[in-house]
Amino acid sequence: MKSKTEMDPGIWSKLPPELLDHILSFLPLKTFLNLRSTCKRFSSLVFSPPFISKHSSASHFSSLLLLSHPQCYAHFPLYDTIRGAWRNLALPFSFLPPCAAQFNLLSSRNGLFCLSLPNSSCFLVCNLLAKSSRVIQFPLFPFAFEMLTLVPTPDGYKIFMLCSKYSSNYSFVYDSKDHSWTRYDGFQALLIDNFHQEGAPFNGSLCFATPEPFSVVSFDLEKGKWETLNTAMPGELTFGRLVSDPDGGKLYLVGGIGRNGISRSMRLWELGNGGMWVEVERLPELMCRKFMSVCYHNYEHVYCFWHQGMICVCCHTWPEILYCKVSRRTWHWIPKCPSLPDKWSCGFRWFSFVPQFYALA
């Protein structure tokens with residue numbers, strides 16, 4: 001007769017919680033996700049130190065570029081930069097509240113999306129992998145906002161935006177730590193050069209490049225103060241966009257060089273220790289000709305962002321991406337997604353999407 005060995009609850013119930021968390025963190029990812037629905041205790045394990053330590057590296061997940069367009073909803077073309085291949089996936093937005101039946105994707109950082117909800121003064125921040133979301137009520141309605149930027153912080157995130165109302169200009173900052181908005185009076189209207197360009201996080205501030213006369217202004221996210229950086233911009237600049245490396249703490253400038261508002265070349269600079277812009281790389285001539293023909297010298301359509309060691313340069317009217325691999329100082333094109341209809345001529349908006357489980361919405 002076979003004896004049946006059972007786990008003695010008197011022993012296993014006394015297992016230290018941190019040891020149990022460590023054991024469960026070694027489960028296959030799919031099994032771990034299925035386990036989360038068992039109870040609140042297991043659901044919270046995704047935010048435990050052992051799980052974060054094991055899965056926080058971006059190499060565990062795909063590194064994706066996501067294309068948003070007004071004519072596609074919850075069905076976005078994705079380019080996998082690790083495998084160099086296109087995916088056409090319907091992202092899992094079904095867990096969102098009913099008020100998010102339609103939305104506009106505004107910003108993406110560290111696995112979080114910030115969406116605007118139609119016919120309301122609400123934003124929604126969500127994590128697709130953790131299936132968590134938060135509706136954020138804006139204090140003014142009706143309202144118009146520009147240059148919204150989602151900024152990760154050590155204990156959550158902040159949302160920065162500019163707002164014009166009743167001929168007044170305000171800067172607003174939402175802090176997820178205490179779930180509140182703070183309004184700061186005044187901002188430089190001249191910095192509204194490109195509504196597709198987000199602020200570049202740098203040394204606790206958000207930096208923006210202004211149109212002519214070109215300069216760099218920054219907004220201190222803690223103090224709520226604007227200031228102009230004491231740095232001379234490159235000569236014969238026709239347009240400028242700022243991008244920051246969140247891990248390396250570096251600030252880059254992507255800009256055109258030319259005369260009479262027409263760019264003849266495009267270059268990449270890095271802000272040096274002395275506040276001077278140091279040229280890093282130049283776009284090869286043939287690639288420059290293609291890019292300038294794409295934007296037709298309408299530089300207000302050009303925007304840039306950082307993605308996993310790449311500086312991506314995009315145009316609101318073009319479905320391809322030009323990017324610079326910073327470590328190798330090489331330029332490349334990501335071709336148009338083959339599933340995109342040819343009739344889509346404008347409204348293209350690219351986002352960096354690096355999935356992360358532990359980013360709290």
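The values are calculated or read from the model by the stated rules, or taken from the named source; none is laboratory data. Only a predicted model underlies this, so the values are computations on that prediction, with no experimental measurement involved. No Cβ is skipped: glycine too gets one built from the backbone with ideal geometry, and neighbour counts run over all protein chains shown.
Quick notes on this one:
- One residue from Phe291, Phe305 being surrounded by 14 or more Cβ atoms within 10 Å (Cβ to Cβ), in a strand (DSSP E or B), of a type in the set (A, V, I, L, M, F, W, C) and touching a strand residue (DSSP E or B) at 6+ places or on another chain (Cβ under 9 Å): Phe305
- The residues of the stretch 213-252 that are within 17 Å of Phe160 (Cα to Cα) and in contact (Cβ under 8 Å) with a residue 60 or more places away in the chain, listed by number, are Leu221, Leu242, Val243, Ser244, Pro246.
- Annotation: Ala90 fulfils all but one of (1) at pLDDT 75 or above; (2) over 18 Å from the mean Cα position of the chain (by Cα); the unmet one is (1).
Residue-by-condition table, conditions (1) assigned to a strand (DSSP E or B); (2) under 23 Å from Ser108 (Cβ atoms); (3) of a type in the set (Val, Ile, Thr):
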residue: Gly248; (1), (2), (3): no, yes, no
residue: Leu253; (1), (2), (3): yes, yes, no
residue: Ile257; (1), (2), (3): yes, no, yes
residue: Leu268; (1), (2), (3): yes, yes, no
residue: Tyr323; (1), (2), (3): yes, yes, no
residue: Leu360; (1), (2), (3): no, yes, no
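- Selection status of Leu206, over 24 Å from Thr330 (Cα atoms), buried (at least 22 other Cβ atoms within 10 Å of the Cβ) and not acidic (Asp, Glu): yes
- Single condition Leu268 does not satisfy, out of (1) in contact with a Lys or Arg (Cβ under 9 Å, 6 or more places away or on another chain); (2) surrounded by fewer than 20 Cβ atoms within 10 Å (Cβ to Cβ): (2)
- Residues in the stretch 211-224 that are farther than 26 Å from Gly258 by Cβ and loosely packed, with under 13 Cβ neighbours inside 10 Å: 2 in all.
- Residue within the stretch 204-216 that is polar (S, T, N, Q), over 21 Å from Ser108 (Cα atoms), modelled with pLDDT under 95 and in the same structural domain as Ser68 (by TED's automatic domain parsing) present: yes
- Only residues that are polar (S, T, N, Q) and at pLDDT 95 or above were counted in the stretch 273-326, giving 0.
- Qualifying residue in the stretch 272-285 (condition: under 22 Å from Ile334 (Cα atoms), assigned by TED's automatic domain parsing to the domain that holds Ile321, exposed (fewer than 14 other Cβ atoms within 10 Å of the Cβ) and free of Cβ contacts under 8 Å to residues at least 40 places away in the same chain): yes
- Tally of residues being of a type in the set (Gly, Ala, Ser) and modelled with pLDDT under 95 across the stretch 242-257: 2
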